Amino acid sequence: MNGKHSLRNNILLGLGFALMVAALYMVFIYVPTDKYTGIVQRIFYFHVPVAWVSFLAFFITFVFSILYLWKREVKWDAIACTSAEIGVVFTTLVLITGPIWAKPVWGVWWTWDARLTTSLVLWLIYVAYLLVRNFATEPARGARFSAVIGIVGFIDVPIVFLTVNLWRTQHPTAIIFEGGLTTPMLITLLVCIAAFTVLYVLLTIQGANLKSMETDVNRLRNTQAE
Amino acid sequence: MNKLFIRILVIFWKDMLTELRTKEVITSVLVFALLVLVIFNFAFGMRADGMEFVAPGILWVALTFGGVLGFNRIFAVEKENSRLEGLMLCPVDRAVIYWGKLAGGFTFMLAVAIVITPIFLALFNLPLFLPKLALIIVLAIIGFAAVGTLFSAVAVNTRARDIMLPILFLPVVVPVVIAAVKATVPVLAGKSWGDILTWLQIMIAFDIIYLVVATLVFEFVLEE
Amino acid sequence: MNEKNKASSSWAIEARGVTKLFGDRHALRGIDLRVSRGEHLVIFGPNGAGKTTLVKILSTLVKPSSGSVWLDGINIRDKPVQIRRKISLVSHQTFLYDDLTVYENLKFYGKMYDVPNLEQQIHEVISWVQLESRINDRVGTLSHGLQQRASIARAVLHNPSILFLDEPEVGLDPHASNMIRDMLGSINAGNRTVVMTTHNLERGLELGDSIVILDRGKIVYQTPRSELSKANFQYIYDRYTEIGK
């Protein structure tokens, strides 16, 4: 990593840290407790940004999968793969925080509403992406196949969302908020979204760099041995 | 254009001839689908009432899982004797191979559906002549085959060949399954076209999108 | 046109800087090769040298990691479909469908290659490999030697101008092996270019016009056959594959 990248990474790190601190302050101190659902509502400020990042991550995987199939540069594949790994973690968090929030509020662990169901399908597609890499007979094949999954799977996500939405309009949906978002809630939410997005970007850059370095080291090691 | 079509037909002819000789895939899938129908019936307690809510699901589980079983075979057969390489050496676009295999996969699933559906309708004491159901089945099968053929080519080149296909296939076809089941319910209850129109539209959109995407992406699966 | 894309069409096969990586392992490194029309080239090399990989790249089955290949003056990256009409591959895998008869297999490939006068061509090719008596038998019922003959029939059915053979005699008993040798002796009638890989030194020397030794992904020696006798070739082979160790 050259000096230019270090500077960029340090700026991101600083920004991310600052945003996280601000987010924590705002979620636990600044924003008033929701009068309808109580303290547990604060999970919302975690759940929504994490859900946003999980979709963003898959979009990035989609874009870099296309780039990889087109240009075949290993660094594109490293970004796509890292983004998928981070994405699956974030999606898992969505699937955990969703029920934690839903149970005290609506009395059920799970509702098959469009957002949660799409997150579940997204999780399954991420897992398929990672498993294909794992079970491929060679790394180059794994990269190619998973790029195909990254593209085909991403296209499915909006279709799933629309279909489940259509299905659910035939059933009463749980209402998330009585009375909508007040200004302090909105600001808090936006800060949290920003914080988690920066976190995602940092993790992806680091992870992708690590993978690229691994590939370089392996290549050098193999050339040495020959 | 004509030549493309001929070659797709040739691949289709070759697969049909092989299957007619051995009949191994169709028999195993038919038996499996039948078993699913029966077991699910028992699993739901064999109640006479409320069955109209459960029955469509049972049919589609049988068809979906039967499909998974059958689609694996589409490219597994080309692994022996390195036949896939023989195909790849032919002077054709890789997409032609996809469409040739797709035709076979679709026909195969159609054959399964033609046998299973009347049995299903009879077992649940439903009317046998349902053209709307036929349309739903055809549209759904197109979607299944479009995705299943593509993923069969991927799965067959991995180490966990048999488990990889369902893992790839099932999440992606969720919209088709939802739409198919939701459309089947009103049809079995004798409702009109208006009730199922949106679901048909979803299936048609899915089919077109995935046929196009799979055609574009297929060459990347085959290349080395 | 820059140097990279220019290739003289007087060569049947031209490879420049062909490299292939599998993961981090180099299977081929900087292969430069030229084969004239009608030439019969034999590629020797120990196991793992990269012979099969090289043949697969030249026959368009595998893409090189870097470098270019021209067949009959056409870059295989530009017009792969057009080129495949003119080439063919025989390996120890037959590419045949066991549940279909020899005739049906040939009909299938004939249609895929758009062979004119297909019926006639099928019968010609079948009699050349001497399989007339088994033409309507399922390929799965044939012995390996006969299957290999059927595979050769498949390969020459569309009259390719370039034929690749990847260790064609592997797994064959001596009788079948001799049959193949006799067939291969006449196979470049009509100015067909032939590239064959083998690790059978005797066979290769009998059949080749020129020779290349491949070791660990590199060409370590090449010469036209006329300048070699069997005795000194054995010596050369051992020496050159020793150097790599």
For chain B, I need the span (max minus min coordinate) of the C-alpha atoms along each principal axis, in Å, sorted largest to smallest. 58, 33, 28
Can you give the calculated 222 nm mean residue ellipticity of chain A, where each DSSP H run of n ≥ 4 adds -39,500 (n - 2.57) and the sum is split over every residue, rounded to the nearest 500 deg cm²/dmol? -28500 deg cm²/dmol
Among B:214-220, B:85-91, how do they line up from the highest to the lowest mean number of other beta-carbon atoms within 10 Å? B:85-91, B:214-220
For a Förster distance of 41 Å, can you work out the FRET efficiency between the beta-carbons of B:Leu197 and B:Met16, rounded to the nearest 0.05? 0.75
Charge dipole of chain B built from unit charges on the beta carbon (Lys, Arg +1; Asp, Glu -1), centred at mean Cα; most positive-end Cα among B:Ala214, B:Leu139, B:Ala160 is B:Leu139
Identify, among C:Asn117, C:Leu100, C:Gln82, the residue whose Cα sits farthest towards the positive end of the charge dipole of segment C:68-118, taking +1 on the Cβ of Lys and Arg and -1 on the Cβ of Asp and Glu, with the dipole about the Cα centre. C:Gln82
Take every residue in peptide B:153-159, count the Cβ atoms of other chains within 10 Å of its Cβ, and give the average of those counts. 5
Using θ = phi - 60° and the Karplus form 6.51 cos²θ - 1.76 cosθ + 1.60, what ³J(HN,Hα) does each residue of segment B:99-108 get, whole Hz, x for Gly and Pro? 5, x, 5, 4, 4, x, x, 5, 4, 4
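Just from its helices, what would the mean residue ellipticity at 222 nm be for chain B, if runs of 4 or more DSSP H residues each count -39500 (n - 2.57) and the sum is divided by every residue, rounded to the nearest 500 deg cm²/dmol? If you can, show how the numbers build up before the last one.
Numbers: 9 runs with 186 residues, N = 224.
It comes out at -28500 deg cm²/dmol, rounded to the nearest 500.
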Can you check what the Kirkwood hydrodynamic radius comes to for the protein assembly as shown, Cα pairs only, in Å to one decimal? 28.8
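Just to verify a number: FRET efficiency for C:Arg85 and C:Arg25, C-beta to C-beta distance, R0 = 22 Å, to 0.05? Could the numbers behind the result be given before it?
On the way: r = 33 Å, r/R0 = 1.50.
Efficiency, from the Cβ-Cβ distance: 0.10.
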Any idea how far apart A:Val127 and C:Ser65 come out in nm if each label point goes 7 Å out from Cα toward Cβ? 3.4
Per-residue ³J(HN,Hα) for segment A:125-138, Karplus 6.51 cos²θ - 1.76 cosθ + 1.60, θ = phi - 60°, Hz, x for Gly and Pro: 5, 4, 4, 4, 4, 6, 5, 4, 5, 5, 8, 5, 6, 9
Vicinal HN-Hα couplings computed from phi for segment C:10-22 (Karplus, 6.51 cos²θ - 1.76 cosθ + 1.60; Hz; Gly/Pro x): 7, 8, 6, 10, 9, 10, 10, x, 6, 10, 9, 10, 10
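For chain C, calculate the relative contact order in percent as a whole number, restricting contacts to Cα pairs under 8 Å that are 6 or more residues apart. Walk me through the numbers on the way to the answer.
Details: 433 pairs, mean separation 65.9, N = 245.
Computed value for chain C: 27 percent relative contact order.
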For a label point 7 Å along the Cα-to-beta-carbon line of B:Asp93, residues of segment B:194-224 with backbone N under 17 Å: B:209-223
In degrees from 0 to 90, rounded to the nearest 10, what is the angle of the helix A:183-225 Cα long axis to the longest principal axis of chain A? 20
Please work out the FRET efficiency for the pair C:Gln120 and C:Arg37, using the Cβ-Cβ distance as r and a Förster radius of 22 Å; give the result to the nearest 0.05. 0.25
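Scan segment B:32-128 for trypsin sites (Lys or Arg not before Pro) in coil per DSSP, keeping those whose Cβ has at most 11 other Cβ atoms within 10 Å, and list them by number. Show your work: numbers first, answer last.
Details: sites: B:Arg47, B:Arg73, B:Lys79, B:Arg83, B:Arg94, B:Lys101; in loops: B:Arg47, B:Lys79.
Taking segment B:32-128 and a limit of 11 other Cβ atoms within 10 Å, the loop trypsin sites (Lys or Arg not before Pro) found are B:Arg47.
Can you give me the Kirkwood hydrodynamic radius for chain C, using every pair of distinct Cα atoms, in Å to one decimal? Write out the running numbers ahead of the final one.
On the way: mean 1/r = 0.0535 Å⁻¹.
It is 18.7 Å.
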For peptide A:154-167, what's the mean number of Cβ atoms from other chains within 10 Å of each residue's Cβ? 5
Treating only the Cβ atoms of Lys and Arg (+1) and Asp and Glu (-1) as charged, compute the dipole magnitude of chain C about its Cα centre; round to the nearest 20 debye. 900
Length released on extending from A:Asn218 to A:Phe17, taking residue separation times 0.36 nm less the Cα-Cα span: 69.0 nm
Name the residue farthest towards the positive end of the dipole of chain B from the options B:Val174, B:Ile26, B:Leu4, assuming +1 on Cβ of Lys and Arg, -1 on Cβ of Asp and Glu, about the Cα centre. B:Ile26
Put a dot 7 Å past each Cα toward the Cβ at B:Thr27 and B:Ala189; how far apart are the dots in nm? 4.2
Mean residue ellipticity (222 nm) of chain C, computed from DSSP H runs ≥ 4 via -39,500 (n - 2.57), nearest 500: -9500 deg cm²/dmol
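Which order do peptides B:26-36, C:59-69 fall in by mean Cβ count within 10 Å, highest first?
C:59-69, B:26-36
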Under 19 Å, Cα to Cα: Lys pairs in chain C, sequence gap 8 or more or different chains: 20
Let me know the longest stretch in chain A that avoids all trypsin sites (Lys or Arg not before Pro) found in a DSSP loop with at most 15 other C-beta atoms within 10 Å. A:73-226
Shielding by other protein chains, B:160-167, mean Cβ within 10 Å: 3
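The numbers here are math on the coordinates, done by the rules we state, and not lab data. Quantities reported herein were computed from a predicted structural model and do not represent experimental measurements. When we count neighbours, we look across all protein chains shown, and the Cβ atoms used for this are built from the backbone with ideal geometry, even at glycine.
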